[in-house]
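The values are calculated or read from the model by the stated rules, or taken from the named source; none is laboratory data. Here the structure is a predicted model, which is why all the values come from computation and not from measurement. Please note: Cβ atoms are built from the backbone with ideal geometry, for glycine as well, and neighbour counts cover all protein chains shown.
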Amino acid sequence: MEFADGLSFLEPHATVWRANKISARAVPVEVSLESETRLGFEVRYDTGEKAGVSRAFLREIPPRKSG
């Protein structure tokens with residue numbers, strides 16, 4: 001997932017889809033911080049499906065410098 005400020009969190013979509021039983025054609029439309037524990041993210045798809053992604057799953061990559 002790449003955010004507006006350029007911060008990216010990488011996990012192959014296939015891994016998230018399989019773990020959450022999301023249809024392979026679903027396109028992410030919104031990512032939000034999990035509200036109760038704040039230990040992960042919730043990804044919402046254009047199909048209405050939702051996936052939970054633990055922060056433990058994610059690797060942080062710093063924003064690219066504009067140049």
* Asked: What pairs come up if the first residue lies in the stretch 11-22 and is under 12 Å from G52 (Cβ atoms) and among the aliphatic types (A, V, I, L, M), the second is modelled with pLDDT under 80 and not in a helix (DSSP H, G or I), and their beta carbons are under 8 Å apart, counting only those six or more places apart or on different chains?
  -> V16/V53
* To do: Among what's in the stretch 1-26 and is under 29 Å from K65 (Cα atoms), hydrophobic (A, V, I, L, M, F, W, C) and more than 11 Å from the chain's Cα centre (by Cα), pick the residue that is modelled with the highest pLDDT.
  => A14
* **Answer from E60, E36 - the residue that is outside any loop (DSSP other than H, G, I, E, B), modelled with pLDDT under 80, among the acidic types (D, E) and exposed (fewer than 10 other Cβ atoms within 10 Å of the Cβ)** => E60
